[in-house]
Structure formats: structure tokens, C-alpha cells
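A.B. asks: Just passing along the structure, written as C-alpha cells.
The values are calculated or read from the model by the stated rules, or taken from the named source; none is laboratory data. What you are looking at is a predicted structure, and each value in this text was computed from that prediction instead of being measured. Note that we place each Cβ from the backbone using ideal geometry, even for glycine, and neighbour counts take in every protein chain shown.
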Amino acid sequence: MSDQVNDPVPGPADVPATVPGCDPADGPDGAGGDSPSPAGWPVVSIVVPAHDEEAVIAGGLARLLDGSAPGEFDVVVVANACSDRTARAARRPGVRVLETPVPGKAHALRLGDAACRTFPRLYLDADVELDAASVRALVAAAARPGVLACAPVPDWDLAGTGLVARRVHRVHDRLVAPLRGLAGAGAYLLTGRGHARVFPMPDVISDDGWVHGSFAPHERVTVPEARTLVRPAPTVAAHLNRRVRVRLGNRQLAALGRSAAEGRLRLGSLAALVRGRRVSPLDAACYLAVLLMDRVLTRVRARRGGRVQWGTDGGSRSRPAR
């Protein structure tokens, strides 16, 4: 089975090979296609890699497109090695659906990226929600001089999350928030010049970590006006699976010469949270217990090869977007 595109709107064959404002080489000072798109063309391309996301993809696309003008967003969903009806659930006006039997999020991102029609380009996890106003805020931020990449701020939907998992998430979020950068929000946007730094993306576990490490601090910004709705791991087991992948991904990035977004979390930072009453001693105890299990599992997984093809877990997919 080859990669297939289901295109309810005009397909790539209907797009001229060169569109002003769409070539990475276009724009003043090599700005990478950051100039305004011609009238009638999309202002941003959006790639949504989706692996078995039937439960959430339709709701996420509805939130993304509601309030957008027809043709304002060029949306490409890449149904990647799905065993469910993700592709069918994603089909709606204004969305092109590409199906591939090849697993791997990086592959899905490359495939969707190749089908994009304009710059800047937004890469959005299928189980994360982002509305049209937030997309516009990201596009506006990317137009600022010197900005090559930007990301929204995550809001957390803790409905259905277990008590211990909620305590662990509370601590972890407060520890990593100052270090998050372009990672952890489930979305990031690249200008044309930024895109040239990131793509072609290698087969990395942590795509957002790769993106974060591609830019100096002054070249990447977090946009408070843009918010994603993210559903964290609902159980301790799901949290551990996710954290093991993060650690393995960070090791891979280090080997490739890219710094991890999180940096190194220190126990002193945890103690400061407790002293400042931002987390409780019980929260901290739960976090430390799970952290120990996390490190042990990472070592075991690394010794077994540590291969991960898809950078997410199925925890959120059992909770359809509301």
C-alpha cells in the first residue's frame, strides 16, 4: 500500500509550482516566505500527524476550523499506520487527508510537510486542541523580526486523571514550565527560515525536542495569547511510558548534538516548590517515587534497544475531545 491523499479541496496539482510568499527563499533578507500570502491563499499550513486518533481527531479539527475563514488555513492530516478509522473521522471540508502504512511520527511530519502549500507552517499533535484565534496569534508572533519558531502555552485538561497521576503531573508541570520552550505544548510553528533548520526531520523520538534544539533562545518565543488544550497521562503507568520515551528521546537528541528542552531537573527546584507551597509534601513524595521508577524503566528500555516509533501513548485517545 502506497501513501494516498484524499483531497476534498483543490489538490496539489491545482497549485502552481511556485507561489509568491510560499518559497523558503522568498521574502526580505531570506525571511523564508514570511511575507503575506496573495489574496485567496492560506495564511498558514497546518500538519496534523495522527496515529489511531479516531476518538479525538474530529473534535480537534472542529475546534481548529471553527471561526476560521474558508481557505484561511491549509490543513493536512497524515493518518499514519492507523488500525482504526482515523482517516475517515478526519475528512471534512478544508482538510486534506493523507494515508500512509509507514509508522513513525517523523515520517508523518515529513509527508505532511511535503504537501503543505505555504509558510509559516504549524505542526499540531492530533490529540491536542488549538483554536483559530490561537493559530492567528502564532502567525502574528512569527512575523516579528528575528523570530524563527514559536509555540503556544499548554492548558491541562485533568478530567479523568487519577489522583496520584494528577499529583505527579502538578509537580512535573511546575518544574518544567520555565524550561519548556517549544516542547511540551503539542504544537509549534516554523517560519520559512526556521523550517530550513528543522527539515528534513530525521527519525527522532522527540520531534518538538529536535525543533527546540534547532534555535537559539532569541530565535524562539512562547506566545501567551495562543493556548493548546492538552490531556496529560491519566494513570501512573501511562505517565511512566511517556516519561521513558522523553528520556530516551533526550538521549537521542544529545547524541545528535541537540539540547533537550527540559534541561536537567534538580531536587533543589522541587524543594523550592514545597517551601513556596506551590506543591504539597505529598505531591513531592508521589513525584519522587514515580521519578525513581521512571529512571529504572528508562535504563531497562535502553538496554533492550529503546526503539520508539511513535512519540505518544494511547492514554488520551480513550477520552474523546469534548
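A.B. asks: Report every pair of residues separated by at least 6 positions or lying on different chains whose Cβ atoms are under 7 Å apart, first residue within the range 278-294 and in the same structural domain as Leu163 (by TED's automatic domain parsing) and more than 18 Å from Ala237 (Cα to Cα), second surrounded by 13 or more Cβ atoms within 10 Å (Cβ to Cβ) and of a type in the set (S, T, N, Q).
C.D. replies: Sorted first by the residue in the range 278-294, then by its partner, the list stays empty.
A.B. asks: Further question on the same structure: Pick from the range 266-298 the residues that are assigned to a helix (DSSP H, G or I) and among the basic types (Lys, Arg): which of them is modelled with the highest pLDDT?
C.D. replies: Quick first cut of the range 266-298, residues assigned to a helix (DSSP H, G or I) only: 267-275, 281-298.
Going one step further and asking which of them are among the basic types (Lys, Arg), we end up with 275, 295.
Working: Arg275: 94, Arg295: 86.
Looking at the filtered set, the residue picked out is Arg275.
A.B. asks: Anything in the range 206-242 that is of a type in the set (S, T, N, Q) and over 12 Å from Ala187 (Cα atoms)? List them, or say none. Full working, then the answer.
C.D. replies: The initial filter retains those residues of the range 206-242 that are of a type in the set (S, T, N, Q), namely 206, 214, 222, 228, 235, 241.
The answer is Ser206, Ser214, Thr235, Asn241.
A.B. asks: Also, quick follow-up: Considering only residues of the range 18-44 that are modelled with pLDDT of 55 or more and either closer than 16 Å to Ala140 by Cβ or touching a Phe, Trp or Tyr at 6+ places or on another chain (Cβ under 7 Å) (or both), which is surrounded by the most Cβ atoms within 10 Å (Cβ to Cβ)?
C.D. replies: Val44
A.B. asks: Across the range 112-165, what is the number of residues that are over 17 Å from the mean Cα position of the chain (by Cα) and within 14 Å of Leu229 (Cβ to Cβ)?
C.D. replies: 5
A.B. asks: Does Arg251 satisfy the criteria of being assigned by TED's automatic domain parsing to the domain that holds Ala285 and under 22 Å from Val47 (Cα atoms)?
C.D. replies: Values: assigned by TED's automatic domain parsing to the domain that holds Ala285: yes; under 22 Å from Val47 (Cα atoms): no.
No, not satisfied.
Yes/no matrix, rows are residues, columns are (1) within 22 Å of the chain's Cα centre (by Cα); (2) basic (Lys, Arg); (3) surrounded by 13 or more Cβ atoms within 10 Å (Cβ to Cβ):
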{"site": "Ser214", "(1), (2), (3)": "yes, no, yes"}
{"site": "Arg220", "(1), (2), (3)": "yes, yes, yes"}
{"site": "Ala238", "(1), (2), (3)": "yes, no, yes"}
{"site": "Arg245", "(1), (2), (3)": "yes, yes, yes"}
{"site": "Leu253", "(1), (2), (3)": "yes, no, yes"}
{"site": "Leu267", "(1), (2), (3)": "no, no, no"}
{"site": "Ala285", "(1), (2), (3)": "no, no, yes"}
{"site": "Met293", "(1), (2), (3)": "no, no, yes"}
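A.B. asks: A further question on this structure: Any residue in the range 54-81 that's in the same structural domain as Gly94 (by TED's automatic domain parsing) and of a type in the set (Phe, Trp, Tyr): show its pairings with residues that are surrounded by fewer than 19 Cβ atoms within 10 Å (Cβ to Cβ) and in a helix (DSSP H, G or I) at Cβ separation under 8 Å, as long as the two are six or more apart or on different chains.
C.D. replies: Phe73/Ala132
A.B. asks: Does Ala238 fit the bill of being outside the structural domain of Tyr123 (by TED's automatic domain parsing) and within 26 Å of Val147 (Cα to Cα)? Let's see the steps before the verdict.
C.D. replies: Numbers: outside the structural domain of Tyr123 (by TED's automatic domain parsing): yes; within 26 Å of Val147 (Cα to Cα): no.
So Ala238 does not fit the description; no.
A.B. asks: How many residues does the range 179-226 hold that are at positive phi and modelled with pLDDT of 95 or more?
C.D. replies: Filtering the range 179-226 for residues at positive phi gives 181, 184, 186.
From what's left, modelled with pLDDT of 95 or more: 186.
Number of matching residues: 1.
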